[in-house]
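The values are calculated or read from the model by the stated rules, or taken from the named source; none is laboratory data. This structure is a prediction, so every number in the text was calculated from the model and none was measured. Every residue, glycine among them, receives a Cβ derived from its backbone with ideal geometry; neighbour counts consider all protein chains shown. To get the accessible areas, we keep the full protein, side chains included, count just its heavy atoms, and leave off ligands, DNA and RNA. Shrake-Rupley method; radii C 1.70, N 1.55, O 1.52, S 1.80 Å.
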Amino acid sequence: MTHYAHSQPWWFPLRPDRSDSEGADMNDWSVNIGGAAGMWGDSYLATPQLLADGRCDYLIYDALAEITMAILTKARMRDPDQGYAHDIISTIGANLRQMRDSGVKVVTNAGGVNPRAAAARLRALAAESGVEVRVAAVDGDDLMPRLDRLRELDIREMGRGTAIPDRPISMNAYLGARPIAAALAAGAEVVITGRCVDSALTLGPLIHEYGWGPEEFDVLSGGSLAGHLIECGPQATGGLLTDWEDTPSWVNSGFPIAMVRADGSFEITAPVGTDAVVDRRTVIEQMLYEIGDPAAYLLPDVTCDWTQVVVGEIGRNRVEVSGARGVAPTATLKACAQVFDGHRTQVQFFLGGRDAARRGRRAAQDLLTRTRKMFADRGFTDFRDTLVEVVGAEDTYGANAQELTPREVWVRIAVHHDNPAALTAFVREFPSIGVGGPCGMGGVGGGLPKPSPVLRLESFLVPRDLVAAEITVDGQLLDSEWGDVPESLCVQDGPRGSDIDTDLPVEAGVELPLIAIAYGRSGDKGDNVNIGIAARHPDFEPLIHAQLTVGRVGVYLNHLGATHIERFMLPGSHSVNFLLHNGLGGGGAASLRIDPQGKAAAQQLLDLHINIPAAMLAHPALAPIPEVVTARSRRSTTPKESQ
């Protein structure tokens, strides 16, 4: 393979039309980046919408989640030419001509576990369309060739403390933004990466455009925050919003645009004419999403501190974000291994009529008991794990479930076993309860499910000097000296921002659900649940600090099974972040739960009752939920206290 050498150093910004203007203030203009995909399988709406808007210099397509990596790993195991997100590569290919005509460049991690194959596919699509485009692939995140060296270093799993497994299916490090910047500096118009941190898709173009050096930690943190806000597409523009009725519709979801200045501050907006909502709530909810410790959000290029970030509305669907700070990155990079861990499957059925939930639970347990007898007769071991969830009866709420008597439910039985033949036997026995089971059963059509391999995720911190990114531009290898973060800048351990909380006395008042004074969002960090909660108004922040303690959250969400909980404060945005360790039953790729990524955890926590002083009932920022309306009505009919 030949080497592609470029004449400029890796940090050289190539925007002479802007930055070289005599006397120009670089903060008078911005680099505009559109978030065109927040997941593998995101809407077809995004690309034409953002291209028609006309403001974007770059489009980014984020395809990778931990579950996605498991799916792509399985695909490449079946076919070595697979392992990337086909739909995103196809979308880019279908729009290449308009992108070229508009001067829009593209960065995506849709390369998954096979970025060079994805780049080859895109070049083929370009050739079919008669479009000339320079395509770069960034890989080197694959650590499988270095397993022996990592074992010599006795590197341990971050949560369990276990050694690197004997035969992982894959092991990939999270790369940073500088390989992307180097590919752009070498003339690439589309950059396709493997596993990198999601925000690097945005930070890479910003490093390229502004020439940010590896020691400019504050602007690197700001650029990373911009990337974090747009990496999930419309999650920052009205999607997943707690106050969902304020999003007018999900028919024409608006996709986000980050307009980033040279000082690292930026605006978040969306194309006009869409159903987007961009305000403090949408932006803060997304900022809190899956960040763990907000004072030490560890990325390959910078350790971010977003505790003092200020979010302000400056116009219709325009939000200003500033105040991000950063310090040196650590000397290690996060790496995730996929480990084969048996097989699983699930069966589901509908039940209607009186006592539907009780009938469903009995049917599920009786089927499992019958199957265990069959396993014993056939020489199979018992299930490794089983889970019965009756959807419609609040089974996912644990002890907080209301006493409901639904007349229609959906019963889900998920099972885990080492032997796929045992699961096949279970699945084949399942239809029998349609005649020898509960009345009112239906919804079983569509064929029987097949067992699928379970790939458990394990996370490690590996020395960054063992990870070497490789950049190819149109199949030619770029010179390796593209400028990773200098080792002299890295530190061994990042700062920690964990808060020690205690229950504080609160003025007697009215019990209202937390959603009255806060909104929130949740997601996964491996096997951990991340829940961000933000005050609707600064006046409510002391109530949250005093009453939303680790102890209360632990008790209320005890059904998640977390081993311990951390609380982190973000005074700049009047918010708090909780990390519930080991609260997902093994994590998204291995958990049997119906909500394996903890997406509903924040909505459950927002039902926790908080004591609101009576004098605050008239506060205009209280959410107009029925409980608030009722409390205000009762307050107004109560005789006034004597003066």
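The figures follow:
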read-out	value
Extended-chain gain in nm, criterion 0.36 nm per residue less alpha-carbon gap, Gln603 and Arg156	157.5 nm
GluC sites (Glu not before Pro) lying in DSSP loop within segment 351-454, provided at most 14 other Cβ fall within 10 Å	Glu403
Ellipsoid semi-axes in whole angstrom, largest first, where each is sqrt(5λ) of the Cα gyration tensor of segment 279-430	46, 26, 11
Contour excess over end-to-end distance, with Cα ends at Cys439 and Met144 and 0.36 nm allotted per residue	101.0 nm
Range of Cα positions in segment 118-184 per principal axis (Å), largest first	52, 25, 21
All-pairs alpha carbon distance profile, segment 424-471, 5 Å steps from 0, percent	4, 12, 15, 13, 9, 7, 6, 6, 6, 9, 6, 6, 1
Relative contact order %, segment 194-240, counting alpha carbon pairs below 8 Å whose residues are six or more apart	45
Cα-projected label distance for Glu511 with Glu245, points at 7 Å along beta-carbon direction, nm	2.4
In Å², nearest 10: area of Phe375 left accessible to a 1.4 Å probe	0
Partner aspartates and glutamates for Lys450 [C-alpha distance under 15 Å; skip if fewer than 8 residues away on the same chain]	Asp418, Glu429
Relative contact order %, segment 110-220, counting alpha carbon pairs below 8 Å whose residues are six or more apart	32
Cross-link reach list, lysines versus Lys599, counting only Cα pairs under 17 Å and skipping chain neighbours closer than eight places	Lys525
Inter-label distance for Glu320 and Asp79, nm, one decimal - labels placed 7 Å from Cα along Cα-to-Cβ	5.2
Difference of contour (0.36 nm per residue) and Cα-Cα distance, Tyr44 to His619	202.8 nm
Largest-first ellipsoid semi-axes for the chain, taking √(5λ) over the Cα gyration tensor eigenvalues, angstrom	40, 34, 23
Spatial extent of segment 78-214: Rg and Dmax, with the Cα atoms as the point set, Å	17.0, 53
Sulfur and carbon atoms: percent of accessible area, segment 312-434 [1.4 Å]	46
Mean shadow area of segment 550-643, taken as a quarter of the surface of its Cα convex hull (nm²)	8.9
Among Ala70, Cys336, Leu203 - extreme Cα towards positive end, dipole of the chain, charges at beta-carbon	Ala70
His581 versus Arg362: modelled label distance in nm, points set 7 Å from Cα along the beta carbon direction	4.3
Translational diffusion coefficient (Stokes-Einstein; Kirkwood radius from C-alpha pairs) of segment 234-362 at 37 °C, 0.692 mPa s, in µm²/s	180
Taking the convex hull of Cα positions in segment 349-415, its mean projected area over all directions (nm²)	4.8
Alpha-carbon centroid distance for the pair segment 388-411 / segment 69-140, whole angstrom	43
Protection-proxy order for peptides 298-306, 144-152, each taking the mean of Cβ atoms within 10 Å per residue, highest first	298-306, 144-152
Per-bin percent of Cα-Cα distances, segment 147-263 [5 Å]	2, 10, 15, 14, 13, 12, 14, 11, 6, 2, 1, 0
Taking the convex hull of Cα positions in segment 53-127, its mean projected area over all directions (nm²)	5.1
Percent of C-alpha pairs per 10 Å bin, segment 277-318, short to long	27, 45, 25, 3
